[in-house]
Amino acid sequence: MTDAKSYVTDNAAEFKWQADDIFGRIATRYDRLCDVFSFGIHRLWKRKVAQQIASESWNILLDGATGTGDIILRVVSQPGVEGRTILASDLSPKMLSIAEKRLSKYSATVTLKLLDAESMPSVATHSVDAYSISLGLKICNRRLALQEALRVLKPGGRLIILEASNIPWSALQRMYLLYMSICMPVLGWLATGGDASAYKYLLKGIREFPSAEDLADEMAGIGFEDVAFERLSFGIVAIHTARSPGLQSKPPHAINGMPADGL
Ligand SMILES: C[S@@+](CC[C@H](N)C(=O)[O-])C[C@H]1O[C@@H](n2cnc3c(N)ncnc32)[C@H](O)[C@@H]1O
């Protein structure tokens, strides 16, 4: 359980799925919205994180907040993934049913599961080799979600996160936020046919989400080791990786906390 104050602190978007089934409402338009809000750049971020996930050593991967399966579709097409087991989970049945259709030809590898990333009692402790979550941490209580990730990961298991982050140059960050706060309502209004919640949560989540450095500190505070991050697109998003304790630490996976070029 978490008190009201820490819920606001830990849930950047202040999204409460029990009160608003926004993802159920926008499920069929979600992939188009991603293209509209990011001008298509989310495809590059997702390809990059899928490559990172696939390059990790795991037999069982749990993907939280999998949505329409956009990340896992990219993971299964990476070399070496066939024959491994992927559990793709989300708490929105409508998002999951789209993921199920999109991933149907990979049913030997991918199983869909209805799970709340904040509490996954049906997933055994120390049962998965890797846990990934993309663009979901800002709309749930990230402290609870990270604690659950730590619980279900085997000792030495890998955590991979793609999430909104911060541009380290403050003037540029301010311009980006200003641009988003002007553009997003207009684009969001047009793309959703007037459903304001989609961009309201997104904007709040982006504004309130911790910087890459602060998220890394939070992950370490929760108990993860070898925490590292890479900024993409100047820091609009970042990929964080970490290891659950229990095995001798290995060097971080080709990720160095420096801005990446070209994305
Ligand atoms: C922005 S989408 C991201 C989907 C996908 N990972 C992607 O990158 O395209 C966020 C997803 O998180 C799910 N979600 C929100 N809160 C959640 C929670 N507590 N547990 C599991 N899924 C959650 C929503 O249903 C939605 O499908």
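So for segment 174-193 (the condition being at pLDDT 90 or above, among the small types (Gly, Ala, Ser) and closer than 18 Å to GLY205 by Cα), does at least one residue qualify? No: segment 174-193 contains no residue that is at pLDDT 90 or above, among the small types (Gly, Ala, Ser) and closer than 18 Å to GLY205 by Cα. Here segment 171-200 is the region considered, the condition is being over 16 Å from ARG29 (Cα atoms) and in contact (Cβ under 8 Å) with a residue 24 or more places away in the chain, and the residue that is surrounded by the fewest Cβ atoms within 10 Å (Cβ to Cβ) is LEU172. Tell me, yes or no, whether segment 92-106 has at least one residue that is of a type in the set (Gly, Ala, Ser), away from the ligand (no atom under 13 Å from the Cβ) and surrounded by fewer than 16 Cβ atoms within 10 Å (Cβ to Cβ). Checking segment 92-106: at least one residue is of a type in the set (Gly, Ala, Ser), away from the ligand (no atom under 13 Å from the Cβ) and surrounded by fewer than 16 Cβ atoms within 10 Å (Cβ to Cβ). Among the residues of segment 63-90, just one is more than 12 Å from the chain's Cα centre (by Cα), in a loop (DSSP other than H, G, I, E, B) and within 13 Å of the ligand (Cβ to nearest atom), namely THR68. When the residues of segment 107-137 are filtered to those that are under 13 Å from GLY67 (Cα atoms) and of a type in the set (D, E, K, R), the one that is farthest from the ligand (Cβ to nearest atom) is LYS113. Filter segment 21-62 for residues that are within 11 Å of the ligand (Cβ to nearest atom), touching a helix residue (DSSP H, G or I) at 6+ places or on another chain (Cβ under 6 Å) and within 19 Å of THR192 (Cα to Cα) and give the result. Listed by number, the residues that qualify are ILE22, PHE23, GLY24, ILE26, ALA27, LEU33, CYS34, HIS42.
CYS140 fulfils the conditions (1) within 7 Å of the ligand (Cβ to nearest atom); (2) free of Cβ contacts under 8 Å to residues at least 60 places away in the same chain; (3) not β-branched (Val, Ile, Thr) except for a single criterion, (2). Given the structure, is LEU87 surrounded by fewer than 23 Cβ atoms within 10 Å (Cβ to Cβ) and either among the polar types (S, T, N, Q) or more than 21 Å from LYS16 (Cβ to Cβ) (or both)? Considered against the rule, which asks whether it is surrounded by fewer than 23 Cβ atoms within 10 Å (Cβ to Cβ) and either among the polar types (S, T, N, Q) or more than 21 Å from LYS16 (Cβ to Cβ) (or both), LEU87 comes out as yes. Per the listing ALA108, ALA145, ALA149, ALA130, the residue uniquely touching a residue at least 60 places away in the same chain (Cβ under 8 Å) and either under 24 Å from ASP21 (Cβ atoms) or in a loop (DSSP other than H, G, I, E, B) (or both) is ALA145.
The values are calculated or read from the model by the stated rules, or taken from the named source; none is laboratory data. No experiment lies behind these values; they were computed from the predicted model shown. Quick reminder, even Gly has a Cβ in these numbers, built from the backbone with ideal geometry, and neighbours come from all protein chains shown.
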